[in-house]
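Visitor: First the structure, then my questions, so here it is.
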Amino acid sequence: MNRLLTLAMASACFTVLTHGASAAGNPLLIENVTLLSPEQAQPLGNRYVLIRDGRIAVISDRPITAPAGVRRLDGAGKFLTPGLTDAHVHVSDAIGLPFGSQDPGLLSLEKDFFAQQPRSYLYFGVTQVLDTANRPERVALFAAQPQHPDTYRCGVAPVVDGYPLVFVDKAIRHKIFNDYIFEPANAAEHPLPAGANAAAHTPEAVVDRIAASGAICVKIALEDGFGDRNDWPNMSAETLRRVRAATSKHGLFLAVHANALDMQRMAVDGNVDLILHGIWNWNQLNDSQGIPAAVADHLRNVRDKKIGYQATLRVIPGVTDLLDPALLDDPVYTKVVPPRLLAWYRTEPAQWFKRQVFGPEVNAAAVIAGARAANAQWATSEKGMRALRHLYELGQPMLLGSDTPSAPTYGNQPGYDTYKEMQLMVQAGIPLSAIFAAGTINNARQIGLEKEYGTIEQGKIANLLLLEANPLASVDAWTRIDKVILRGEPIERDTLAADATGH
Ligand SMILES: [Zn+2]
């Protein structure tokens, strides 16, 4: 089994909810700006956009008569885009901190993290997030911060003892993940937990509860073990069929954790709506070059059935980046990590996850070189990129999901990882226009929110970005944000930084 891959995925993937800032004050008028909206084939120069009550009210190619009390933004030389949606995040995890510690010092760092986290997403232009499942109260905490992206979540429905419960202590796993499903096919070895009511853990009952919780999606896992492992209790095709039917009945969408070829095939056969990971485990075809026929067939089926596909290219590098001795010297870290937490990342105790993955001598050059040479996951990420490029060439709409954090690694940081995911998409050969669509209209459509987000059109929520450079010319433009406009309120980017004073 591939240990790194196992650990990389240990905390991954399993959680609605609330919206950004309250409706805006006075109207906002953005003047003489170049408008970039993904449904337009070309940038539209010299546009005037009036925002009222947090929504786009008027778009015009000539100056607009300003209403009383209007605030003006000069857009000359700048680009106005929709805010980005990252449709795969986990805001419940205080990144890098050990789970469940009651140490007062660490709890205070955790508090700093949760206060900064939503601002770090905004700092990188992420104005909508989809939490694909974790602890609803932590997601609510995220959305309770004064400045935060509009926040949506999936409810998670694992099977008894299945992934991700395999990583949670047996005594508490079914209490933390209480919307679990009893899987009759696994009954002999994984019976209903003692004291549980069988009627509350059918696919229908669980999906009813998730729908009532305000989630917009149901998340399940098709995972029988990482790497070559296949001994974890998995969902049967019959249970998947019932979950699919119940999810459709409530008008939710069905998202699935699956990253191996056999598991993704099951997802396609089960007519899921969204696969939350790229296919980087090709099972027995792992050593193949190019795109093996079986993988190509599968990707064609994904496209033909119009199933959404998130590449999540950052999952593996987010862990292997821990081996980079200069990682914490990256100046961007001072912008997205609270100062005291960043100082703690440099301490010995903070290396616990790195040691767990790479062994005790984590800073030895030989370990780093060996990990790079021997760990198949360096290649798995490369395979994920190859598969993504292939899918793009088949005409599949690209999506943006960073899976931040995919593991308790400080190599994944909120917002910054969304940007790094886009950089990896560029590296995979995806054009900038397709990446723009991925982070805007395609993601909005995929999660059923295209009436609210994804384009600059009259009536949509005014979550917008004013950029100093054109993101259709360079991916770096997504870091050259002048202002983040959240529900019609312009925010100076610098004030969102973790090292900004006065917050
Ligand atoms: Zn995830």
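Visitor: For the stretch 48-94, which residues satisfy the criterion of being of a type in the set (Val, Ile, Thr), more than 16 Å from the ligand (Cβ to nearest atom) and under 32 Å from the mean Cα position of the chain (by Cα)?
Guide: Answer for the stretch 48-94, where residues must be of a type in the set (Val, Ile, Thr), more than 16 Å from the ligand (Cβ to nearest atom) and under 32 Å from the mean Cα position of the chain (by Cα): VAL49, ILE51, ILE56, VAL58, ILE59, THR81.
Visitor: Going through the stretch 243-261 one residue at a time, which ones are surrounded by 17 or more Cβ atoms within 10 Å (Cβ to Cβ) and of a type in the set (D, E, K, R)?
Guide: The answer is ARG244, and nothing else.
Visitor: Can I ask one more? Within the stretch 142-165, track down each residue that is within 16 Å of the ligand (Cβ to nearest atom) and within 15 Å of LEU496 (Cβ to Cβ).
Guide: Of everything in the stretch 142-165, just one residue is within 16 Å of the ligand (Cβ to nearest atom) and within 15 Å of LEU496 (Cβ to Cβ), namely PHE142.
Visitor: Among the residues of the stretch 122-141, write down those that are within 16 Å of the ligand (Cβ to nearest atom) and β-branched (Val, Ile, Thr).
Guide: Answer for the stretch 122-141, where residues must be within 16 Å of the ligand (Cβ to nearest atom) and β-branched (Val, Ile, Thr): VAL126, VAL129, THR132, VAL139.
Visitor: Now, a different point. Taking ALA171 as the residue in question, decide whether it is of a type outside the set (Asp, Glu) and out of contact with any Leu (no Cβ under 7 Å at 6 or more places or on another chain). Let's see the steps before the verdict.
Guide: Values: of a type outside the set (Asp, Glu): yes; out of contact with any Leu (no Cβ under 7 Å at 6 or more places or on another chain): yes.
Yes; evaluated as a whole, the condition is true for this residue.
Visitor: List the helices (runs of 4 or more DSSP H) inside the stretch 397-503, counting only whole elements, that have at least 2 residues being in contact with a Lys or Arg (Cβ under 7 Å, 6 or more places away or on another chain) and closer than 28 Å to HIS277 by Cβ.
Guide: Counting at least 2 such residues, we get 416-427.
Visitor: So, ILE447, is that one away from the ligand (no atom under 16 Å from the Cβ), over 12 Å from the mean Cα position of the chain (by Cα) and either at pLDDT 95 or above or of a type in the set (S, T, N, Q) (or both) or not?
Guide: no
Visitor: Taking the stated definitions as given, is GLU137 under 23 Å from ASN412 (Cβ atoms) and at pLDDT 95 or above?
Guide: no
Visitor: Could you list, in sequence order, all residues of the stretch 145-177 that are surrounded by 14 or more Cβ atoms within 10 Å (Cβ to Cβ) and over 23 Å from the mean Cα position of the chain (by Cα)?
Guide: Passing the criteria: VAL160, ASP161, ARG173, HIS174.
Visitor: List, please: which pairs have Cβ atoms under 7 Å, are six or more places apart or on different chains, and start with a residue in the stretch 20-42 that is at pLDDT below 90 and end with one that is outside any loop (DSSP other than H, G, I, E, B) and hydrophobic (A, V, I, L, M, F, W, C)?
Guide: What qualifies is GLY20/LEU486; ALA21/LEU486; ALA24/ILE51.
Visitor: Which condition does TYR309 not pass, out of (1) within 16 Å of the ligand (Cβ to nearest atom); (2) more than 20 Å from TYR392 (Cβ to Cβ), if it passes all the others?
Guide: The failed condition is (2).
Visitor: While we're looking at this one, here's another question. What number goes with the only condition from (1) more than 15 Å from the ligand (Cβ to nearest atom); (2) within 24 Å of PRO408 (Cα to Cα) that ASN286 does not pass?
Guide: Result: ASN286 passes all but (2).
The values are calculated or read from the model by the stated rules, or taken from the named source; none is laboratory data. Computed from a predicted model, the values in this text were never measured in an experiment. Cβ sites come from the backbone with ideal geometry, for glycine too, and all protein chains shown count toward neighbours.
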